[in-house]
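Everything below concerns the one structure shown next.
The values are calculated or read from the model by the stated rules, or taken from the named source; none is laboratory data. All of these numbers come straight from a predicted model, not from anything done at the bench. Heads up, the Cβs are rebuilt from the backbone with ideal geometry, glycines too, and the neighbour counts pull from every protein chain shown. Side chains included, ligands, DNA and RNA excluded: accessible areas come from the protein's heavy atoms. Shrake-Rupley method; radii C 1.70, N 1.55, O 1.52, S 1.80 Å.
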Amino acid sequence: MNPKTGRRFGTELSVDDVGACLHRLFIGDEAAALRKEDLQKAVELQSLLVQISRLMIKKAGTFVDACAGKSALGLVAAAMVLPTTWRVVIIERDPARAAQARRAAEQVGHEVVVVEGDVQTTPLPQDAHLVAALHACGAASDAVIEAAARASARHLLLVPCCYGAHPAKSEGAEIAGQKASERFVELLPRQGLVGRRFAQALIDAERTLRLEELGYDVDVVEFVGPTVTPHNLLWRARRSGEPSRRAEAAQRRQRLLGSS
């Protein structure tokens, strides 16, 4: 039991618990049932709440839900695992979704700040203990990485999605604003499925090395099964700033991008 909230820690939360919280925050009508996509979201959130609860070792802090949408992650975390002494900052560029998050935030007993803006241009709080982004699409994942690093966030939980098409034909060839080495693209067959899988692996590798170069210890795990979502990889990063590891990651990333 969480002594700060009186609620159970994530390891004791069931998917049904999370689904009930989603319903209360975002639906409210007892006659309305959760949709299929809501039930899938509950499975993903339950797993992430376990990760979040393990990082709640401070009496107070700031949790940032970046690229939030209606902020199911941030607000359910506040309702179920975050101590009430924690502040929640929600970043969402769509005004309608930001408004929906504000309405739902009235039901949780936390200080909640909803910021309408793009994570690429919106500074994150410098005191952020944890930054999280669930299904940050395409370049948004890269923006979250850079924003978290600029804010010196202690922890980052990142679930990317939407990698693009064949790397020789689309934005899949772009990695953090740089072209992937032509030697990789030239090796690829024309079949799109192989190219897309290669591009995804290349982007995943670059993001991992970039986080290490920025001073984070990184672990990558499957946070749910692939039958729940094909975008089921979670980047768990903890800021350490270890110089030799940063230097090694920088060299490996340059080699990956073909810049040395």
message: Could you give me D for the range 31-111, from Stokes-Einstein at 25 °C and 0.890 mPa s, where the hydrodynamic radius is the Kirkwood radius over C-alpha pairs? Units µm² s⁻¹, please.
response: 186 µm²/s
message: To the nearest 20 Debye, how big is the dipole of the chain about its Cα centre, given +1 on the beta carbon of each Lys and Arg and -1 on that of each Asp and Glu?
response: 400 debye
message: Given points 7 Å out from each Cα along the Cα-Cβ axis, report the A99 to R24 separation in nanometres with one decimal.
response: 2.6 nm
- line: Note to self: with every protein chain in place and a 1.4 Å probe, the chain gives an accessible area per residue in Å² of 48 Å²
statement: Once both label points are put 7 Å beyond Cα along the C-beta direction, the Q120-K36 separation in nm becomes 3.3 nm
task: Report the one residue of A104, L202, A143 whose Cα lies farthest in the direction of the positive end of the charge dipole of the chain (charges on C-beta: Lys and Arg +1, Asp and Glu -1; origin at the Cα centre).
output: L202
message: For the chain, what is the number of Lys pairs with C-alpha distance below 23 angstrom, counting only pairs 8 or more positions apart or on separate chains?
response: 5
message: Can you compute log10 of I(q)/I(0) for the chain with the Debye formula, treating each Cα as one identical point scatterer, at q = 0.13, 0.14, 0.17 Å⁻¹?
response: -0.84, -0.96, -1.33
- prompt: Rank H231, H110 by accessible area, highest first, at a 1.4 Å probe radius?
  reply: H231, H110
